[in-house]
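Written below as structure tokens is the structure these notes are about.
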Amino acid sequence: MDSFNPRRLALPSHTPALTLDVRAHQWWWEVRYRNDEPSRIFTTANEIHIPTEKPVRINLPTADVIHSFWVPQLAGKMDVIPGQANSTWIQADKAGDYSGPCTEYCGAQHAHMALHVIAQAPDDFAAWREGQVSAAPTPQSERLQQGQKVFLTRCSVCHAVRGTGAGGNLGPDLTHVASRGTIAAGWLVNNAANNAAWINNAQALKPGSSMPSLHLPPEELTKVVAYLGSLK
């Protein structure tokens, strides 16, 4: 475990390697990777990938109520307050998975609002970033094509998948959702069984969340879960 360094309580004076907008929602984290080239901007959720030994600036807007950003091994707490532009910074000296909770009570599912910072060697981070910039892979099989059709019909009002016409912004961007370790803001391991349970009856798993319980017919459910599993 890295020891906490007090210098991480303040923004560095030099230019950060990355600037991210980490927007808090009830109850998940939206992560937008800024870039001077608009085509290289992308959005993910609940996982923050960073290169090791590089300072990363974190801008902290909120979509609703007060939250608090805290990754204990990397940074001090910073509140996320409506109408206030707060920022912090993080830096990981070695590769690893650093987890953090929301630390300001923000409603019924406050305890199930986690994030992970995945620190990678610079070359590994660059490869990950290139994959995230790209559009979603085109479904190659008939089953995946049918799953995409279900997604576009039932899920695209709230979720985006770049390259498909799905442009919803009420929930997480799912363009590369299969590359993430968890779903539901760290509450569930990202696998087919949990995706099926989450899609079918999210309110039983995380009551009060914005994700509705869709109760899809079994054949539609298995197809859309397969499609989501292809989005790496």
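Within segment 44-66, the set of residues being of a type in the set (Asp, Glu) and either surrounded by fewer than 17 Cβ atoms within 10 Å (Cβ to Cβ) or in the same structural domain as Thr182 (by TED's automatic domain parsing) (or both) comprises Glu53, Asp64.
Taking segment 199-231 only, how many residues are assigned to a loop (DSSP other than H, G, I, E, B) and aliphatic (A, V, I, L, M)?
Total satisfying the criteria: 4.
Residue count for segment 201-213 satisfying the condition of being surrounded by 17 or more Cβ atoms within 10 Å (Cβ to Cβ) and in contact with a helix residue (DSSP H, G or I) (Cβ under 7 Å, 6 or more places away or on another chain): 4.
Kindly indicate the residue of segment 67-105 that is among the aromatic types (Phe, Trp, Tyr) and out of contact with any Pro (no Cβ under 7 Å at 6 or more places or on another chain) and also surrounded by the most Cβ atoms within 10 Å (Cβ to Cβ) among those meeting that condition. Selected residue: Phe69.
When the residues of segment 6-30 are filtered to those that are part of a loop (DSSP other than H, G, I, E, B) and hydroxyl-bearing (Ser, Thr, Tyr), the one that is modelled with the lowest pLDDT is Ser13.
The values are calculated or read from the model by the stated rules, or taken from the named source; none is laboratory data. The structure displayed is predicted, hence computed values, not measured ones. Note that each Cβ is placed from the backbone with ideal geometry, even for glycine, and that neighbours are counted across all protein chains shown.
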